[in-house]
Amino acid sequence: MGDWKVRKLGAALGAEITGGSLANAGAREIDLIKSWLAEHHVIFFPGQAISVEEHVELGKHFGELEDHPNLKNPFTQHPYIFELAATQGGVADEWHTDITFQEEPSIMSILHMVKCPEIGGDTMWTNLYQAYEEMSVPLQTLCEGITALHDALPHSRPDKMAIHPVVRIHPETGRKLLYVNEHFTRRIVEMSAGESEVLLKYLTEWVKNPRFTVRYQWTPGTIAMWDNRCTQHFVVNDFEGERVIQRVTVMGDQVDSAREPMTEPWVRSGYHGATSRHDKQLRQFLKGQKI
């Protein structure tokens, strides 16, 4: 199936891979992809000719697939394909890891760039290992002992919530990484609303450090794959015209913390006032979980 050539795109992450076809990929190709993902975290295969069914079959090599739990496809109807079209308002221009509002989020995503503008509409990724490793030791220690509430508010579903550690362990590499994002993360569970706001703002800005990132310029037919457990991504909303992507999502991630939370969840006690609204969502989630 060809001689693969790997070109590293950035110091932090990312590689472009050419010289072969992903259609009807076999065991050799899947093993190579897994090794490339472990090393580069996001990989790109330009110039691929792949059908919807071949796309889905490729995804099934890596685990269980699901369509998007909240968003509907504008054009293509398939139980395992999630489609975004810029003409329908589908531009994910906030940094995020896919579907962290679920207890078992996405393991990885495989995207097919069906149509894109000649200029603009690039996507950026950031390395969450590096974001954790370059924090100071006191901040690392604090973040290892706290958790965060994630929800699907961007999809008009704030009732869909999950709590994940702020620092998690990657199940395959054993490395620690920072696991909060500006799109889905709402609240540090063990802190007051005011304290949470300050820390989350710092952490979600920190992951955007250019030193941790790579930016990719798309061409039609490119296949991208990324590990959702150790990356975030962001679409640059600087284009006009149509941009259509199709994605399969490998689900079933088990999010393990670096250590147990250092304290109980923080919710306001005593008489409720106007500021109690900041604790309402967390209180509702904890009540539903009977924590």
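Just so it is clear, none of the values below were taken in a lab; they were calculated from the coordinates. The model shown is predicted, which means the values in this text are computed figures rather than measured ones. Every residue, glycine as well, gets a Cβ built from its backbone with ideal geometry; the counts of neighbours run over all protein chains shown.
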Taking the dipole about the Cα centre of the range 127-263, with the C-beta of Lys and Arg at +1 and of Asp and Glu at -1, give me whichever of A131, T219, T141 is farthest to the positive side.
T219
In the structure shown, of K60/K208; K176/K208; K5/K208; K8/K176, the pairs separated by more than 27 angstrom at the C-alpha atoms are K60/K208; K5/K208
Which three extents, in whole angstrom, do the alpha-carbon atoms of the range 121-175 cover along their principal axes, largest first?
37, 33, 23
Value of [θ]222 nm, deg cm²/dmol, for the chain, DSSP H segments ≥ 4, -39500 (n - 2.57) each, nearest 500:
-6000 deg cm²/dmol
Which log10 I(q)/I(0) values, to two decimals, does the chain give at q = 0.08, 0.09, 0.10, 0.12 Å⁻¹ under the Debye formula with one point per Cα?
-0.35, -0.44, -0.54, -0.77
How far apart, in nm, are two points set 7 Å out from the Cα along the Cα-to-Cβ line at K8 and at H155?
3.6 nm
For the range 89-191, would you read off the P(r) tail past 20 Å as a percentage of all alpha carbon pairs?
46 percent
Top positive-direction residue, dipole computed over the range 69-210 with Cβ charges, set A193, G174, Y80:
Y80
Could you please rank R243, R259, R168, placing first whichever residue has the fewest other Cβ atoms within 10 Å of its Cβ?
R259, R243, R168
S51 to S136: FRET efficiency via 1/(1 + (r/R0)^6), r the Cβ-Cβ distance, R0 41 Å, to the nearest 0.05?
0.25
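Give me the orientation-averaged projected area of the Cα convex hull of the range 100-141, in nm², one decimal.
5.5 nm²
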With viscosity set to 1.002 mPa s and temperature to 20 °C, compute the Stokes-Einstein D of the range 176-260, Rh being the Kirkwood radius across alpha carbon pairs; µm²/s, no decimals.
134 µm²/s
